[in-house]
Amino acid sequence: MQFNKRPTHRRHWIRRCLAARLVPLIGLAWLLTQPVPARAAPSAQAKLAREPANRTGAVTFTDINAGLPGAFESGSCFADFDGDDLLDIVTTGQHTRLYHNNGNGTFTFLQTGGPGGLPGGGEPALGWGDYNNDGLVDLLIDAKLYRNNGNGTFSSIQAGLEAINGGSVAWGDYDNDGFQDIAMCGVGAAETITRVYRNNHDGTFTDINAGLPGVFEGGVAWGDYDNDGRLDLLMMGKLHVFSSDTKIARIYHNNGNDTFTDIAAGLPGGYEVNGAWGDYDNDGWLDILVCGIDGIGLSDVHSAVYHNNGNGTFTDIGFRSQVLAAGSGAWGDYDNDGLLDILLTGGGLGDETFALVYHNDGGGVFSDIGACRESGRVGSLGRL
């Protein structure tokens, strides 16, 4: 899926899945329940000065007690699968469950088992994307593609994707032909892999043999870092299954001819890591949020923001969160001030787990607002 710099419609607000390990879905905190307003462009003065914002009043988040069951080594993802303009939820783990948003703060479990039903399994890679342009988002779980039939059921598609474990998937139209393609990484049949699959427009996909190094315990994300109109690929993780010494974080430039080139962006490698594109300073260039492990202990867990300098280089702006292991991060403007804020989830130094929200004060400053600290390691910025 493509990453929008300034989403203005709830359907495009969050299709990014935040999958984490050891995840009890103890309570999802919904950020807002009103329709998403179109976001005004920042003023020239705001762009130049970027002075920290003055906020008044406490910001709180309330668990709506949606009744979703806990899950182990699981993931969750928002999408409006039935086109009613309300974000629904799919959760994975031992079982995969689809929940319809009733529009009143409650969700209804839809029976998804049986022939062609959705599979269960630990540590899933999960993502929504409309592969056949029928206006219904389809579901990719690891390397298995399920067509949305439009009636609350899904049919398995023989898409020709290599099976993976411990990986990540991302939808995006890398060749600008109007059809969503797939990037994926993880442990394949014999080794770690990273693949880019072209959508053949007939329900099948072709490996373009992009020559990317294989990674796992990491992620892939599409984003146009240089504004040339082609989606580039951020990838990070471990190169080898049994070694933590070969971890990478790289940006591959889309050359427009089914090849990709490492731009040597200088990002530190990591594992149990994910990255998210977002233009936090509204300068028109996609920046990067990274969270994961860059060493061998909890003291080496970090979350960082890298500013896109507009010339193929990125600068660490110095943002750091508290220690959050085996977690995830996402961008989203929770207060509609036109600046992307940060949601981080994960575990602390003990048995506790956290969900932290950092307000974007402008000027590259992010402040922990003290909200959403309840137990849990999965989170998404979304609207009901």
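Summary of computed values
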| quantity | calculated |
| --- | --- |
| Accessible area (Å², 1.4 Å probe, nearest 10) - Thr261 | 70 Å² |
| Inter-label distance for Arg230 and Asp63, nm, one decimal - labels placed 7 Å from Cα along Cα-to-Cβ | 4.8 nm |
| Rg and Dmax of the range 176-243, Cα atoms only, in Å | 13.1, 39 |
| Projected label distance in nm at Phe109 and Ser155, using a 7 Å step from Cα toward the beta-carbon | 2.7 nm |
| Principal axes of the range 110-221: Cα extent on each, largest first, Å | 39, 34, 20 |
| Sequence-distant residues sharing a close amide H with Ile64 (under 5 Å, placed H) | Leu28, Trp30 |
| When the range 162-317 is reduced to its Cα atoms, the Kirkwood hydrodynamic radius in Å | 15.7 Å |
| Carbon and sulfur %, accessible surface of the range 129-271 computed with the full protein complex present, 1.4 Å | 45 percent |
| Accessible-area ranking of Ser156, Ser303, largest first, probe 1.4 Å | Ser156, Ser303 |
| Distance (nanometres) between label positions extended 7 Å along Cα→Cβ at Asn309 and Asn133 | 4.0 nm |
| Stretchable slack from Ala190 to Asp207, in nm (0.36 nm times residue separation minus alpha-carbon distance) | 4.4 nm |
| Exposure rank, largest accessible area first [Lys247, Lys144; 1.4 Å] | Lys144, Lys247 |
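The values are calculated or read from the model by the stated rules, or taken from the named source; none is laboratory data. Keep in mind it's a predicted model, so treat the numbers as computed, not measured. Here the Cβ is made from the backbone with ideal geometry for all residues, glycine too, and neighbour counts use every protein chain on show. The accessibility values were calculated without ligands, DNA or RNA, using every heavy atom of the protein model including side chains. Shrake-Rupley method; radii C 1.70, N 1.55, O 1.52, S 1.80 Å.
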